[in-house]
Structures are given as C-alpha cells and as structure tokens.
C-alpha cells in the first residue's frame, strides 16, 4: 500500500515532457560518484561514462540522471566529489547549458530535494586555481520523477530512481544513511556488503520489482527506474517495467535509450579490438522495441 502511495505521489508531482519519434533520451542511474578513494566504486568507470556522455551529447540526446548520481550518504562534502570527478561534471554542465539535462534524486542523494542545499553546492563553486567563484549549475531544479508523455498516443512513461516504497531506503533513510557513512562505507572496502542494499540482495530486488509491476498494472504507465542495480528489459507480453542497471558494474555501465519511438537497453564497456587495443564500446543488450508495442493494460506480472 505504501509503495502505491509513494509512486502515485511521485507521478503526480513529476516534471512532464512530451516526446515523439524525433525525441532522444539516455537514462543512466546509480553512478554513486564519490571522492576517488578506495571506497569510491564509480572511479573504475569514470572514463566509460564520460565517453558515453560525450557520444550522447554529440548525437543530440537529453540526459536523464535517474538518482544516486552523487554518493552523498558516504561523503557529506559535495566539494570532494566535484573535485574527484571534475571531467564528469564538465560534461553534465554541457548538457545543462544546452537545456538537455534532467536531474532526479534518489535515496543516496536525497539532499537534492532541499533548495538551499542545491543552491549552496551546485549553483557555483570556488575555483582554487583561479581563486574566484565560477558558475556551475546555477538555477538547477532536481526532481523526484519525470513523466514522458507521447504526443501521438498520450501514453506515459514514469522515470524515477526506484527507492520509493523501499522501507529502509525511503522512510527509514536517515538511519540507513548513518550506517552507510560511519560503518558500511569502510566495511565494503574489505569485502562486506550492506544487507539493507537491494543491489546486493536478490530477494529485495524481486520484492521491489513485483510491487512496481503491480503499480504499472493498476495505473497503466510504463516505469523506468534504477536503485536495484539490476538491468531489466521487459518482453512485449510483460508489464512494461525497465531498469537502467547502474554505472558501478565491474564490467562497465548500463542504461536505457529512448530514440525513434523505440526503447533499448545498452551497455558501455572496455573491450579489446582484433588488434588487442582496448576501446570503449556501446553494446545493445536488448531491443530495440517500439514503445507502442507494449500493452500497458494486459501484460503479465512475472
């Protein structure tokens, strides 16, 4: 019941954009950008995401970061994150300046729902080299959710982080954050995993997915989310639930593309070419499938 209320509330208060066959979106989530220390799982994929973002920028995509972009549970000072991954933030600023960025907050960067926090940390920064203040993402408004509405059919796609209704990561998030910051941050460096994380627990991931599919069946909307770190691409006879995966896989990053009225699950990873040279490559994992081929009303919960 609580999950239904949280998803419905996020949907009703979402930013709305209209899309058609000419629209292009790339959705990544769960970068968990940290301070480039041993506990920062994003560091190994920084170059991969940077290359992917440059590809999508040059090809006219809008970038939707669907939550947990910055790891603000583990690292309380955003300045350290910005300095550690300055190249990524330069790319994000390019999207923002071009009017092609939608930033959603998740549980690990839930502080972005605070206007004062965003103004203090994201509007500008002090450049220690130039010794002056530089404009960053001035005027940024993060959202909890984004609704893409088809200009042709009126069908809607709800894009959220996916923590909504997950008790330990939603209404109980402050306790989980404290445990992460002062205990699990150090424990997972030596191999121990946080039992509250759905990314490490198959049962929790399945439970979340089942609840979300029930919401889809009742409200007749497609959902794209992250949070569980488990990529998911539904078949046409299933309810349209999609998961981006995450950007901290050991083998690369995964995301969801929407382009030409079709949806695609993609991965970006470092691979060797026939000559043994390492290159970052885009791979289609599932799809493309026309969005209109999904039955929003009669799919099966599986």
* Search result, residues across region 112-131 that are more than 14 Å from residue 79 (Cα to Cα) and loosely packed, with under 14 Cβ neighbours inside 10 Å -> 113, 114, 115, 116, 129, 130, 131
* Asked: Is there a residue being without any contact (Cβ under 8 Å) to a residue 40 or more places away in the chain and either surrounded by 21 or more Cβ atoms within 10 Å (Cβ to Cβ) or over 22 Å from residue 53 (Cα atoms) (or both) anywhere in region 99-107?
  -> no
* If you check 241, 294, which single one turns out to be over 20 Å from residue 42 (Cα atoms) and more than 22 Å from the chain's Cα centre (by Cα)? -> 294
* region 149-167, subset more than 17 Å from residue 215 (Cα to Cα) and outside any loop (DSSP other than H, G, I, E, B), residue nearest to the chain's Cα centre (by Cα) -> 149
* Structure fact -> Scanning region 132-148 residue by residue, the ones that are part of a strand (DSSP E or B) and surrounded by 13 or more Cβ atoms within 10 Å (Cβ to Cβ) total 5
* Residues being more than 11 Å from residue 231 (Cα to Cα) and in a strand (DSSP E or B): count how many of those fall in region 252-270. => 10
* Within the bounds of region 52-60, is there any residue that is surrounded by 14 or more Cβ atoms within 10 Å (Cβ to Cβ) and either part of a strand (DSSP E or B) or modelled with pLDDT under 95 (or both)? -> no
* Asked: Given the conditions (1) surrounded by 15 or more Cβ atoms within 10 Å (Cβ to Cβ); (2) at pLDDT below 70; (3) under 27 Å from residue 43 (Cβ atoms), which single one is not true for residue 170?
  -> (3)
* Search region 131-155 for residues that are under 18 Å from residue 115 (Cα atoms) and pair each with any residue that is surrounded by fewer than 17 Cβ atoms within 10 Å (Cβ to Cβ) and modelled with pLDDT under 95 when their beta-carbon atoms are under 8 Å apart and the residues are at least 6 apart or on different chains. => 135/124; 136/124; 138/124; 142/113; 144/113
* Asked: Which of the residues belonging to region 217-236 are touching a helix residue (DSSP H, G or I) at 6+ places or on another chain (Cβ under 9 Å), farther than 15 Å from residue 256 by Cβ and outside any loop (DSSP other than H, G, I, E, B)?
  -> 218, 219
* **Identity of the residue in region 241-251, part of a strand (DSSP E or B) and at pLDDT 95 or above, that ends up surrounded by the fewest Cβ atoms within 10 Å (Cβ to Cβ)** => 241
* Test set (1) surrounded by fewer than 21 Cβ atoms within 10 Å (Cβ to Cβ); (2) under 18 Å from residue 43 (Cα atoms) - residue 74 fails condition number -> (1)
* Out of region 2-48, which residues are surrounded by fewer than 23 Cβ atoms within 10 Å (Cβ to Cβ) and on the phi > 0 side of the Ramachandran plot? -> 36
* Kindly establish whether residue 47 is part of a helix (DSSP H, G or I) and in contact (Cβ under 8 Å) with a residue 24 or more places away in the chain. => yes
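The values are calculated or read from the model by the stated rules, or taken from the named source; none is laboratory data. Predicted model, so just to flag it, every value in this text is computed and none were measured. We place every Cβ from the backbone using ideal geometry, glycine too, and count neighbours over all the protein chains shown.
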